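Okay, so here's the structure we're looking at.
The values are calculated or read from the model by the stated rules, or taken from the named source; none is laboratory data. Predicted, not measured: the structure shown is a model, and the values here were computed from it. Cβ: placed from backbone, ideal geometry, glycine included. Neighbour counts: every protein chain shown.
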């Protein structure tokens, strides 16, 4: 599966704040984010877990960065929101 650069825009991601995960709609890849003790560590971290799609031919690092940008834009913070 080839993914064009324009498929990395925020509109191509579904953000789940409660579960700290972002789904890339075109590929189905799910990017999950760790929780952090402070906001500074969350903002500078690039650690993620991917539920992968083996047929995805795009750059997974770019995909993860775009997913984090979408998460931040949606209001994701250092930890899951309180229930």
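One table, with the values for the structure above:
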quantity	calculated
In the stretch 32-70, the residues that are touching a residue at least 40 places away in the same chain (Cβ under 8 Å) and more than 21 Å from residue 82 (Cα to Cα)	53, 55, 56, 57, 58, 62, 63, 66, 67, 69
Sole residue being at positive phi and in contact with a strand residue (DSSP E or B) (Cβ under 8 Å, 6 or more places away or on another chain), chosen from 51, 20, 60	20
Spans of strands (runs of 3 or more DSSP E) in the stretch 1-70 with at least 1 residues surrounded by fewer than 17 Cβ atoms within 10 Å (Cβ to Cβ), in contact with a helix residue (DSSP H, G or I) (Cβ under 9 Å, 6 or more places away or on another chain) and at pLDDT 95 or above	13-16
Matching residues, the stretch 71-82, being outside any helix (DSSP H, G or I) and touching a residue at least 12 places away in the same chain (Cβ under 8 Å)	74, 75, 76, 77, 78, 79, 80, 81
The stretch 71-83 - residue that is surrounded by 15 or more Cβ atoms within 10 Å (Cβ to Cβ) and touching a strand residue (DSSP E or B) at 6+ places or on another chain (Cβ under 8 Å) and, of those, farthest from residue 13 (Cα to Cα)	76
